[in-house]
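Notes to accompany the following structure.
The values are calculated or read from the model by the stated rules, or taken from the named source; none is laboratory data. Note that this is a predicted model, so its numbers are computed, not measured. Glycine also receives a Cβ, built like all others from the backbone with ideal geometry; neighbour counts cover every protein chain displayed.
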Number of protein chains: 2
Amino acid sequence: MASPLNNTTTSDQEMADLERHDYVERVQWVLNTPKPPGLSQELIGTAVSWRNKVPFLNMQSGLKHELFSMLKATFPILSWCQNYNPNQFKHDLLAGLTLASLCIPQSIGYATLAKLDPQYGLYTSVVPPLIYTLMGTSREIAIGPVAVISLLLSSMVQKLEDPMANPIAYHKLVLTVTFFAGTFQAAFGLFRSGFLIDFLSHAAIVGFMAGAAIVIGLQQLKGLLGITHFTNKTDVVSWNPYNFLLGCSFLIFILITRFLGRKNKKLFWLPAIAPLVSVVLATLIVFLTKADKHGVDIVKHIKGGLNPSSVDQLQFNGPHVGELAKIGLIVAIIALTEAIAVGRSFAAIKGYHLDGNKEMVAMGFMNIIGSFTSCYVATGSFSRTAVNFSAGCETAMSNIVMAVTVFISLELLTKLLYYTPVAILASIILSALPGLIDVNEACNIWKVDKLDFLACIGAFLGVLFATVEIGLLMAVTISFAKIIVVSIRPGTETLGKLPETDAFGDVNQYPMAVKTPGVLIMRLKSALLCFANANFVRERIMKWVIEEEKDSKLRNAEKTIQIVILDISNLMDIDTSGIASLEELHKNFDSNGMKLAIANPRWQVIHKLKLANFVPKIGGRVFLSIGEAMASFSI
Amino acid sequence: MASPLNNTTTSDQEMADLERHDYVERVQWVLNTPKPPGLSQELIGTAVSWRNKVPFLNMQSGLKHELFSMLKATFPILSWCQNYNPNQFKHDLLAGLTLASLCIPQSIGYATLAKLDPQYGLYTSVVPPLIYTLMGTSREIAIGPVAVISLLLSSMVQKLEDPMANPIAYHKLVLTVTFFAGTFQAAFGLFRSGFLIDFLSHAAIVGFMAGAAIVIGLQQLKGLLGITHFTNKTDVVSWNPYNFLLGCSFLIFILITRFLGRKNKKLFWLPAIAPLVSVVLATLIVFLTKADKHGVDIVKHIKGGLNPSSVDQLQFNGPHVGELAKIGLIVAIIALTEAIAVGRSFAAIKGYHLDGNKEMVAMGFMNIIGSFTSCYVATGSFSRTAVNFSAGCETAMSNIVMAVTVFISLELLTKLLYYTPVAILASIILSALPGLIDVNEACNIWKVDKLDFLACIGAFLGVLFATVEIGLLMAVTISFAKIIVVSIRPGTETLGKLPETDAFGDVNQYPMAVKTPGVLIMRLKSALLCFANANFVRERIMKWVIEEEKDSKLRNAEKTIQIVILDISNLMDIDTSGIASLEELHKNFDSNGMKLAIANPRWQVIHKLKLANFVPKIGGRVFLSIGEAMASFSI
């Protein structure tokens, strides 16, 4: 404080006058703030900033250079392709091939999970990865069909059409859902609405994934056991010991390779190729022993060749369109959540940042184009992305290598898969599930936040015992209920002066904080004082003041509470109900001989208090800080 | 600061060391807080406090005295009855008679609005007011049927049963809804869940009431015009000029008396008895002119006598029970909202406090017992409560006087109402509607809070153009959407030091605030850092820092930002996603050569940061206040 008066000698009285003058001036700072931006200004501001953010909209300064940089922004491959070198390609080739060896059996398995013919899984591992490579920003993510989305699709779409009775109509619906999902994803990205995927909290995803994994596991057990006609209506179960033997032994084989891969990081390729090896071996065994004649279920015919066009199969009229769009929205959000979660975690390891909105646009276009080329919803896979990373991929080129490999297999190898037993597909799906159940993280969530854990368990149990939608709904509801409960049932805290500082702190948090006799300083633990909590807050403060007064009367009959200072520095906004409750508090205090003072109001709040003519009603006792309020009462 | 070292001469270095020691000590205050109460403790605490609050549960210290004070708490009439004197009774008698003269025509009118026979309106003005007088705490509130609840009931129940085709079944459903509404109200009161009515914000109620008034007005116009068979299906309209003439002239008469009553406060009784005078005059005119033979619709037979029992008419099995309970819940909340709003506003004028939970219990029991005695849902009426107050009521005794008068009319006068024209009932209902439309308050809401106004307009338009439920839903949704938007899209603000103080303030709110070169101080405008806003906040802060750095580079190439101090004093809670976003911020800053410091974490937040092992990750840079953080960097 560089006051020029410091050098002159002044009496205490003059100093006090001066301080009084200062405090009056500083009250003016609080009261004469500039007008905060109004709702309309904020909305216009948002619209303008949106305009700037949406690509394709600000092309006025259009030049060749501008166009190329826009192209580069839309297709990041143009950036990294220029410096791509043979050494990088060597790594990507290796990673892509490893990826393909895991991807082929998984794709076939997940297609059966989605109740589609096996070739659709393979198609989905060709076109979407290629599109993503052009537009995506992640270097590690492995695109293709995944278990949870396959489950989600089949569980929701088969309510509209029975995949057994009417596979062609069912397939059309799945393609339409894929188109809607892609459209939603692209729209989220283009309109910067990425926050929608934030609504699924991390805890909810952990619970949801674990629940989905167990549901898939239970479904696949019937495949492993060879129970083909297992519905609720019939208990005619055709049990076959060969199916079980085959499935179990290869499941154990895959799990052993995974165990070896974890023990020794150099053997990372072992668990990655184990599924393919299992498929080859099992197919050979069935072919040689003619086990299909003894009741072992086999895949039979897989249609080979390039993805056929499916533009004419999309259905935009008919009774189910609304329902399909709804399923598309749910699938779009879950798919984005999974992909961006996995993409971000690997980007963080390599130390670069993933642009969420760009990712959404890429995923959206890959699914839209996928729906034109007989693919169902693709996204980033947890397990395959980890394999891609371990195999040392350098760029998204590994996805291209994988897609080309899958394409070649489609052209040449589908006939060889005729004798592949269904039980082996169940083993492959089952073996991928433990990766979806993250018990450690659940424990961590329990430790840090019990309500978060509740959302996690809610999603888990909802998916497990009800449906996927109910699980999601429970998770979102619990998560938002928490936000609302914190907003509508805020606590209050009593503050005391922290010794040797000018700061005031919660007397429970800082046991060394000292209360000033006769003064009660309270702070609201909420960012809003509004219709939903105004009455509650008023009653709570009144109760607190009455208790505090009773307490202080018990201890010391002379000094009862004369001043209540309400620190509203936390309040970001107040509405008419909130202002009314402050007025009522003031009246109640006044009739009990106490004075209410307001400390540290924020911009929006002081503005509204002024509009509602509140400041003169409490005698102008609005201060810059608790300290100033104390000073004004000469305490 | 009374340090003993002040008297000794110390070098600057020693002082700095001392200060350093102080600041280190104070960092320990932040880090070594006691453990905050956990979720389970808070829940147990709530349960215990509930137990203490619910009457009938803490009777351990049971004595005769205890029993009587409990009785007094349940029946407040026992308290005020003891000191009741003849002078008070004189006032209450006058108020009660005035009330009855307004209540009788309104009750008949509102019963037709609820699509019930006229006598049910009168029944509802007998039993519920008596029960309320025993249990309620308000002295002014006038209990009986009201327009909005009548509209609500008929619009929702007639979806289940046609009141024209099957009036007996319809009446049974209305009684059952009344029972459910009463049960919900009593349960809210007994379990202290009064906060449920807080969910309808003041703004929403203003909009809802205005919308309902206009819907009722439009409905009544057809009564005034004598359009009896006016449905959507037919346009055969039997228009009758006598109906219109009769209705209009008495509507004008009532409005003129109200105008006179407003001009001269002594004539308050004139608008209060005008409806009864109109009924008497109109009935006489019809009787004398035999206008009913010329197409004027008349009320015809009204069943007289005391309320018959209706216990056997309640329907708890059948296809509609769930739906009836839902309607009961909606009606219960609207009825409570209206009654408590009107009760509180008059209690505030007389300077006493209304116990919301006790009111709910009283309203609940009055409606439960009402449903046993052929009454439909009663609540506190806006218009009649104002008349009661103006007529100088002293206690709830005026309700007893009114109920007895209505009862006498039911016994003796119903036959006289045979020739009462329907058009006059429409005039009475119409004349009560302007009181429900509060344009001034709507303007006020617009001035203070635009989003509040949106909730108001949403409720208004929803009720007007869709249904009552949609109107309510829109109002509640908009109100809560506001809470959620504020929570998930929080702003951030840059702080500067306020000259001549130790305080820091928003540089936009306080233009005189000074920024320190090389340091960026930011504060979060949110009470939560959680899954729904963590990513948004992280990106926003990063963007801000980058812009600020660009800016400072432009102005002064030497001093770029080296320290970012994040003031999280507003944060009440943080979850795993929030902590992860802080960690990511730290990593990003670190790789750009900046340091992140956290200032003023609250109890729950620092506890969770410690559990998640966050403090060592950012190098222990957690401080008591912004000032301490600045001091630690020797700025």
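Any chance you could count how many residues in the range A:127-173 are under 17 Å from A:ALA386 (Cα atoms) and basic (Lys, Arg)?
1
Within the range B:481-499, restricting attention to residues that are farther than 30 Å from B:ALA210 by Cβ, of a type in the set (A, V, I, L, M, F, W, C) and not in a loop (DSSP other than H, G, I, E, B), which residue is farthest from the other protein chains (Cβ to nearest Cβ)? Break it down into steps so the answer makes sense when it comes.
First, pick out the residues of the range B:481-499 that are farther than 30 Å from B:ALA210 by Cβ: B:488-499.
Subsequent filtering for residues that are of a type in the set (A, V, I, L, M, F, W, C) retains B:488, B:495, B:498.
The next check asks that each one be not in a loop (DSSP other than H, G, I, E, B); those that pass are B:488, B:495.
Values: B:ILE488: 7, B:LEU495: 12 Å.
Of everything passing the filter in the range B:481-499, B:LEU495 is farthest from the other protein chains (Cβ to nearest Cβ).
Is it the case that some residue within the range A:284-294 is part of a loop (DSSP other than H, G, I, E, B), within 30 Å of A:VAL404 (Cβ to Cβ), in the same structural domain as A:VAL177 (by TED's automatic domain parsing) and charged (D, E, K, R)?
Here is the first cut: in the range A:284-294, the residues part of a loop (DSSP other than H, G, I, E, B) are A:290.
Add one more test, that the residue is within 30 Å of A:VAL404 (Cβ to Cβ), and what stays is none.
No - not one qualifying residue is present in the range A:284-294.
Return the pairs, sorted by first residue and then second, in which the second residue is modelled with pLDDT of 80 or more, the first residue lies in the range B:61-73 and is over 20 Å from B:ASP355 (Cβ atoms), the beta carbons are less than 7 Å apart, and the residues are 6+ apart or on different chains.
none
Counting only residues that are in a helix (DSSP H, G or I) and either surrounded by fewer than 22 Cβ atoms within 10 Å (Cβ to Cβ) or over 40 Å from the mean Cα position of the chain (by Cα) (or both), how many does the range A:582-602 have? If you could, list the steps in order and put the result at the bottom.
The initial filter retains those residues of the range A:582-602 that are in a helix (DSSP H, G or I), namely A:582-591.
From the residues that got through so far, the ones that are either surrounded by fewer than 22 Cβ atoms within 10 Å (Cβ to Cβ) or over 40 Å from the mean Cα position of the chain (by Cα) (or both) too are A:583-591.
Total meeting the criteria: 9.
Output the residues belonging to the range A:141-175 that are surrounded by fewer than 24 Cβ atoms within 10 Å (Cβ to Cβ) and of a type outside the set (A, V, I, L, M, F, W, C).
A:SER154, A:SER155, A:GLN158, A:LYS159, A:GLU161, A:ASP162, A:PRO163, A:ASN166, A:PRO167, A:TYR170, A:HIS171, A:LYS172, listed by residue number.
Checking B:PHE346 against (1) buried (at least 17 other Cβ atoms within 10 Å of the Cβ); (2) among the aromatic types (Phe, Trp, Tyr); (3) within 14 Å of chain A (Cβ to nearest Cβ), only one condition comes out false. Which one?
(3)
For the range B:474-519, what are the residues that are farther than 15 Å from A:ARG602 by Cα and of a type in the set (S, T, N, Q)?
Initially, the range B:474-519 is screened for residues farther than 15 Å from A:ARG602 by Cα, giving B:474-485, B:487-489, B:497, B:499-502, B:512, B:514-519.
B:THR477, B:SER479, B:SER487, B:THR501, B:THR516 - these are the residues of the range B:474-519 that are farther than 15 Å from A:ARG602 by Cα and of a type in the set (S, T, N, Q).
Name every residue in the range A:589-605 that is charged (D, E, K, R) and either at the interface with chain B (Cβ under 9 Å from one of its Cβ atoms) or over 15 Å from A:PRO616 (Cα atoms) (or both), in order of residue number. Outline the logic, then answer.
First, the residues of the range A:589-605 that are charged (D, E, K, R): A:590, A:595, A:602.
Once the filter is applied, which keeps residues that are charged (D, E, K, R) and either at the interface with chain B (Cβ under 9 Å from one of its Cβ atoms) or over 15 Å from A:PRO616 (Cα atoms) (or both), the range A:589-605 yields only A:ARG602.
Can you list residue pairs whose Cβ atoms sit under 7 Å apart, with the first residue in the range B:563-582 being closer than 15 Å to A:ALA455 by Cβ and the second being assigned to a loop (DSSP other than H, G, I, E, B) and of a type in the set (D, E, K, R)? Count only pairs 6 or more apart in sequence or on different chains.
B:ASP575/A:ASP449; B:THR576/A:ASP449
Per-residue answers, yes or no, for (1) surrounded by fewer than 16 Cβ atoms within 10 Å (Cβ to Cβ); (2) of a type in the set (A, V, I, L, M); (3) assigned to a loop (DSSP other than H, G, I, E, B):
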site: A:SER427; (1), (2), (3): no, no, no
site: A:PRO434; (1), (2), (3): yes, no, no
site: A:GLY462; (1), (2), (3): no, no, no
site: A:GLU469; (1), (2), (3): no, no, no
site: A:LEU472; (1), (2), (3): no, yes, no
site: A:PRO517; (1), (2), (3): yes, no, yes
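Does the range A:287-300 contain at least one residue that is at pLDDT 85 or above and under 19 Å from A:THR414 (Cβ atoms)? Steps first, please.
Taking the range A:287-300 as the starting set, the residues that turn out to be at pLDDT 85 or above are A:287-289.
Restricting the remaining residues to those that are under 19 Å from A:THR414 (Cβ atoms) gives A:287.
Yes.
Does any residue of the range B:343-357 turn out to be within 22 Å of B:LEU151 (Cα to Cα), in a helix (DSSP H, G or I) and out of contact with any Asp or Glu (no Cβ under 9 Å at 6 or more places or on another chain)? Explain how you work it out, then say what you get.
So the first thing to find is which residues in the range B:343-357 are within 22 Å of B:LEU151 (Cα to Cα), and the list is B:343.
Cutting the leftovers down to in a helix (DSSP H, G or I) gives us B:343.
Checking the rest, the ones that are also out of contact with any Asp or Glu (no Cβ under 9 Å at 6 or more places or on another chain) come to none.
No, there is no match, as no residue in the range B:343-357 is within 22 Å of B:LEU151 (Cα to Cα), in a helix (DSSP H, G or I) and out of contact with any Asp or Glu (no Cβ under 9 Å at 6 or more places or on another chain).
For the structure I just gave you, tell me whether A:ASP502 is at the interface with another protein chain (Cβ under 7 Å from one of its Cβ atoms) and on the phi < 0 side of the Ramachandran plot. Spell out how you get there, then give the answer.
Working: at the interface with another protein chain (Cβ under 7 Å from one of its Cβ atoms): yes; on the phi < 0 side of the Ramachandran plot: yes.
Considered against the rule, which asks whether it is at the interface with another protein chain (Cβ under 7 Å from one of its Cβ atoms) and on the phi < 0 side of the Ramachandran plot, A:ASP502 comes out as yes.
Against the conditions (1) β-branched (Val, Ile, Thr); (2) in contact with a helix residue (DSSP H, G or I) (Cβ under 6 Å, 6 or more places away or on another chain); (3) away from chain B (no Cβ under 12 Å), where does A:ILE478 fall short? Just the number, please.
Failing condition for A:ILE478: (3).
Could you check the range A:606-626 and list, in sequence order, the residues that are assigned to a helix (DSSP H, G or I) and either in contact with a Lys or Arg (Cβ under 9 Å, 6 or more places away or on another chain) or free of Cβ contacts under 8 Å to residues at least 40 places away in the same chain (or both)?
Quick first cut of the range A:606-626, residues assigned to a helix (DSSP H, G or I) only: A:606-611, A:614-617, A:626.
Scanning the range A:606-626 gives A:HIS607, A:LYS608, A:LEU609, A:LEU611, A:PHE614, A:VAL615, A:PRO616, A:LYS617, A:ILE626.
Hey, among B:SER101, B:SER107, which residue is modelled with pLDDT under 90 and either assigned to a helix (DSSP H, G or I) or among the polar types (S, T, N, Q) (or both)? Break it down stepwise before answering.
Numbers: B:SER107 fails: modelled with pLDDT under 90.
One residue alone meets the criteria, B:SER101.
Among the residues that make up the range A:380-389, is at least one of them out of contact with any Lys or Arg (no Cβ under 9 Å at 6 or more places or on another chain), of a type in the set (D, E, K, R) and over 23 Å from A:LEU94 (Cα atoms)?
No, the conditions are met nowhere in the range A:380-389.
Condition test on A:ASP551, is it modelled with pLDDT under 85, among the acidic types (Asp, Glu) and more than 30 Å from B:CYS443 (Cα to Cα)? Step through it out loud before you land on a result.
Values: modelled with pLDDT under 85: yes; among the acidic types (Asp, Glu): yes; more than 30 Å from B:CYS443 (Cα to Cα): yes.
So A:ASP551 fits the description; yes.
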